[in-house]
Structure formats: structure tokens, C-alpha cells
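Contents: one structure, followed by commentary.
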Amino acid sequence: MNAIEVSHLTKHFGRLVALNDITFSVKEGETFGFLGPNGAGKTTTIRILTGITVPTGGDAQLFGRDIVKDTIAARRTMGIVHETSNIYTDLTAWQNLMFTAQLYDVQKALREKRGRELLELFGLWERKDDKTNGYSKGMKRRLTIAMGLINDPRLIFLDEPTSGLDVQSNLIIRDVIRDLNAKGVTVFLTTHNIEEANLTCDRVAIINRGMIAAIDSPEKLKGTIQSVQSVEVALDPVPAHAEEGLRGIATVSEVRKLGDKFRLITEDPPTVIDGVMAYAKAQKARVISVNTYGPSLEDVFIRLTGLDVRTKGVRTVD
Amino acid sequence: MTDQDWLRQLRVEIIAAWAIAKKDMLIYYLKPNIIVSGMLFPLFMFLAFAVGRPGEPSVLIPGLIAITILFSASSIEPVSIPIERRMKTFDRLISAPVSLHAVVLGESMSGFLYSIGIASVPFLAGLIIFGTPILQIAPLVIGVLLTSFCFATMGTLFASYPTESPGDIMSMLNVVRLPLIFISGIFIPIDQIPGIAQYATYFSPLTYGNDLIHAAYSGTTSFSPAVDIMMLLVFILIFQFAANRLYKKFNE
Ligand SMILES: Nc1ncnc2c1ncn2[C@@H]1O[C@H](COP(=O)(O)OP(=O)(O)OP(=O)(O)O)[C@@H](O)[C@H]1O
Ligand SMILES: [Mg+2]
């Protein structure tokens, strides 16, 4: 049985079509990523799958239970981490966790044991009796995820779990996702962070304007666009108008500036390397590093959505 | 579902409702604006009408208890629910594995218990300061419980309106609550209300609540206690189901 089975799901808000006939399934134990830009329909999908909103058309089954007809039974198996860190800021971390546990009918002894484990796991145990209004953004996010796990779900929905967090919080959260996956928990996460999808997901669906553009493992998605490879170079000193100069090299289709380096997109890396050497010599610069890369998930994303990551605010690294 | 599943789910729903009520109590009982609207507002309303009129404590005290319940029972949810919408914690409640009835009940329960606490103030004042005798205890207890629960559920019903600002709901609520004071026989006995307005009294839950509480102090009722109790139960059911309906509708 699949953990999630979605068929022909549609959602309209008035005249706006937020989801346009999406179909996909997630196998039990899989970490599945929904990758898409702002307004793509990621949160709307989660809200339908958790029974908060009803779909305009189509249906969704969670472990064989229809989310519209059998909402409560379907919800018992799931944990939900909403897009906003929705904790009660007038309550302590401990009170927040115990409250959530009671909503999910977790018995007292068990909820206290799990509560302690989760707070320790997320590095919040020492602050458990502090009101959460003083918590940092990362602490609030970690507590929100702990609350999503208090009922020991078989399936967890994570709506942008690491968006806008510092490195430490990010690492803790990614570790937790990996552990959940190892324990056989099905993870459905949304993100607009391509690198996150690449690192954590078994399979990724790329969603744009309410439609799924592709679903596959990150590696296979990359394989679909073998023609896009790249050469990354760092020059010292950086010549004036380097972007233009590098774009002039034969077979280079695009130049992206990444910090102090340049990434040259090409179908033919060897030719580009020769070109870069010649260019550097002419500009009296030294080539400090050269790396070649296969296609990235980012490239797939741009290709499929027609979005340019640099202009549409989709971040590639945290 | 088998009978056992139903029983199990019922237990789960009650636990969840109680958890929701407890959470509200922890967060809202000590908030200053709640205390103002729940306690001071009814007192001032009452003084505005009662001062300068001749009246025995045995008439004024039940009226004050009824007005206190009207305002305090519906003072928590109209504040807590819009704030939960704003903080997005409301999504937690409506995505939990319980029905909306449990959510409505839990939210109402906090207003209900609050109101019982607040109503004990005029009750004790009557008892201790004025020595107002209580002729029958049963109508008082039942009257306070049912009226509190009824207006708590009404507060939850009004809070279904999808706004993130408590003021919106408070003003809608006052459009209903203030007229109720005048058409429920608190200051003006029902048979002295002129003409067509008299019929309006039958549609006010406060009429029946006030009648019951009044019976405890005067020994007489306008309707019979059985009618009062039945009407309050009917209003509670209407409010509960209407609230359940509206919360569902506004989420789609
Ligand atoms: N309650 C609503 N009423 C009207 N429109 C809505 C509602 N919820 C979502 N939308 C619209 O549906 C579309 C999809 O929104 P959704 O929140 O699912 O996007 P998302 O992929 O989660 O984006 P983000 O990355 O910004 O979180 C957007 O155009 C949004 O404006
Ligand atoms: Mg979203």
C-alpha cells in the first residue's frame, strides 16, 4: 500500500487555479520532496492532504484512507509541521508539546517520555519551562517539528522545514529527517531550496503554477538533461567585465557568477577549459581553480519551470 | 465503525476538548482585556440601569448574575479564536484527529468555566453583603450552568467568522448581547414589554436563563422551570451545530 496516493487533484480559489490536476504517489518509507517556487501550490497540497481544506476535484488517500471521507482516521497516522512555526507563545515548550500530545491521544506516561526525548533531540530540554515567546526563530521551528513528531507518526508532512534558518538548526533538522527515514517513516516535505531536495529526498516532484512538471529521483532528473554541464573557474585578479569576456568563449551558453567564482554552462567542458586558459592569459590573470560539473537539480528546475533561479528568488544554497 | 470504535473516538474527542479548554485557561484567564470585558463590563451595564431604581436585592441580584453570565461566558472565544487564526495555531486544532465538534466544545468550555467563576462574585455579594435569601437551590445551579454553557457556545459560534481581529467579533457580539438585556425580562418584566417586542423575548436564551435564576430567589417563574431548561438546551444544540457548520464552511 502506498503512503500517499493522489489522483487528479484540483483546487480552485474563486477563479484562481491553485492546483491543476495533479497526480502522484508516495511509497511507504520514502522521503518525497515537493519542489517549487512561491505560489506553486505546495502548501495548498499539504492543506488538502491533511484535511484542512477540501479539494475542488480529484481525491487523495493516505494509507488507503480517503482524506475527505475518512478524515479523522487518516489523520491519526500523520504528523504535521505547518509552514509557519505555529506554537503558543504564551505557553512553555513543555506545555506546547503536552497539549499537542493530548490532541493526538498520546497517553500520559508515553507523552512525557517522548516529550523529553524530542526536546533533548532538538536541543531544547534546558529551556523546556521557558515561555516560547522568547525563543529564537530556529528554536521555534525546532519546537514545531518536535510537536509534529509527538504522536510518533507513520507519515510526516513538513512544509518548508528549514526555510530561513541558521546552519545549526538546519543541520539538526536534516539529521532528524534522515533518522526518520531510516526508521521507515514516510516524509513528505516541501521546499524551494533545490539543494535541500537534492540532499534529503528519495524522489522529487517539481511543481510550478499548480502543475507537476516532473517526478523522479534527483539523479534521474539530472540525467534527463545531460546536455547541461558546467565548468567553474576562479580567476585572480578578476578581470574587468569578466562575465562578458567569459560568455564570449566558444560553446558557453550562459555564465553565472557564484561568489568569487564563475560557472560556465556548456555542452563541451574541454573546449571551455581551453578557452578559459586563453582568456586568462590575455587578461594577465591566473586561473586559481577549475572544476567541472554534471547537470545540477537546479538546471533541471530551470529547464522545467522556465524560471531563472537568480531572478525569481529561489535559493540554491542556504 | 463498530460500537467500540465509537466509544473510543468519543473518549478521544472529550480528552481533546478538555485539552483545548485547559490551554485557553492557561493563556487567557489572566489577560487584562478579558477581565475587563468579562467582569467590569457587566457590572457597569448593570449599575447604569439599576442605580436610582427602587429594587430589592432579591430582584437585582439574579439580574446581575444573568447579565454577568451573558458577558463573561462569551468573552474568551471571541478573543482566543481570532488570535489563534493570526498565529496560525488554529490550523493545529482543525487538523487534529478529532471532529470540529470537539474543537467547538473545547473552546466553549473555557468560556463556560470562566463565567461560572465570575458569576459567583454577584452571587456571593448577594449572600454575604445583602443577605439575600435563596429559596430554591436547584434552579440556581441548573440555571447558572445551562446559561453559561449556552452563551459560551454562542461566543464560539460568533468567533467562527473568519477574521484575525477580536474587535470584529466583539462588535458583532455586542449587537446581539446588548439588546438581549432589554428583551429578556431583566429590568422590565416580560409582561410589561410593549406589543410586538414581547414576542422577541421568546427568542432570547437569556429570557429562560434569567427566569430560572430568578426562580431561585423569588420562588416564581414566568415559564415553568421545565420549559426554561428545555429551551436552553435547544439553544445550546442550535449554537453547537451552527458553529460546527460554519467552521467547516469557512475553511473550504
Ligand atoms: N485561502 C486562499 N485563498 C485564495 N487563494 C489562495 C489561498 N491559499 C492559497 N491561495 C493561492 O493559491 C496559490 C498557491 O498557494 P500555495 O500557498 O499553495 O503556494 P506555495 O507553493 O506554498 O508557495 P510558498 O512557497 O510561497 O509557500 C497561490 O497563488 C495563492 O495565492
Ligand atoms: Mg507554502
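The values are calculated or read from the model by the stated rules, or taken from the named source; none is laboratory data. All values reported here derive from a predicted model rather than from experimental measurement. A quick note on method: Cβ atoms are made from the backbone with ideal geometry, for glycine too, and the neighbour counts reach across all protein chains shown. Heavy atoms of the whole protein, side chains included, go into the accessibility calculation; ligands, DNA and RNA do not. Shrake-Rupley method; radii C 1.70, N 1.55, O 1.52, S 1.80 Å.
Mind pulling the angle between the C-alpha long axis of helix B:77-87 and the longest principal axis of chain B? Nearest 10 degrees, somewhere in 0 to 90.
30
Sorting B:S110, B:S218 by accessible area (1.4 Å probe), largest first, what list results?
In descending accessible area the options line up as B:S218, B:S110.
What nm value, rounded to one decimal, do you get for the distance between A:K284 and B:E252 when each label is placed 7 Å out toward the C-beta?
My value for the distance between the label points is 7.5 nm.
Please work out the C-alpha center-to-center distance from region A:1-51 to region A:251-279 and express it in whole Å.
About 38 Å separates the Cα centre of region A:1-51 from the one of region A:251-279.
So for A:F188, B:F182, what's the accessible-area order with a 1.4 Å probe, most first?
If we order A:F188, B:F182 from most to least accessible, we get B:F182, A:F188.
Per residue, how much accessible area does the protein assembly as shown show when a 1.4 Å probe rolls over the protein heavy atoms, in square angstrom?
44
To test your reading of the geometry: what angle, between 0 and 90 degrees and rounded to tens, separates the Cα axis of helix B:205-218 from the longest principal axis of chain B?
50
Each label point is 7 Å from the Cα along the Cα-to-Cβ direction; what then is the distance between the points at A:I72 and A:E267, in nm?
Spacing of the two 7 Å Cα→Cβ label points: 6.1 nm.
Taking a spot 7 Å from the Cα of B:R86 along the direction of its beta carbon, which residues of region B:134-166 have an amide N less than 19 Å from it?
Counting backbone N atoms under 19 Å from the label point, the list is B:156, B:158-166.
Would you work out if region B:194-235 is rounded, prolate or oblate? Take a ≥ b ≥ c from the square roots of the eigenvalues of the alpha-carbon gyration tensor; rounded if a/c is under 1.5, else prolate when a/b is larger than b/c, oblate otherwise.
Oblate, since a/c reaches 1.5 and b/c is not below a/b.
Sort A:267-279, B:197-209 by the packing proxy (mean of other Cβ within 10 Å over each peptide's residues), most packed first.
In decreasing order of mean packing, A:267-279, B:197-209 become B:197-209, A:267-279.
Accessible area, 1.4 Å probe, largest first: how do A:L155, A:L110 sort?
Descending accessible area places them as A:L110, A:L155.
So how much accessible surface do A and B hide from each other in total, probe 1.4 Å, in square angstrom to the nearest 100?
2600
Other chains near B:16-23: what is the mean number of their Cβ atoms within 10 Å of each residue's Cβ?
4
Roughly speaking, to the nearest percent, how much of the protein assembly as shown's 1.4 Å accessible area is carbon and sulfur?
That fraction is 60 percent.
Which positions within region B:65-107 get 30 Å² or more of their accessible surface covered by the other protein chains, compared to the chain by itself, with a 1.4 angstrom probe?
At a threshold of 30 Å² (probe 1.4 Å), the residues of region B:65-107 that become less exposed are B:M87, B:K88, B:T89, B:D91, B:R92, B:I94, B:S95, B:A96, B:P97.
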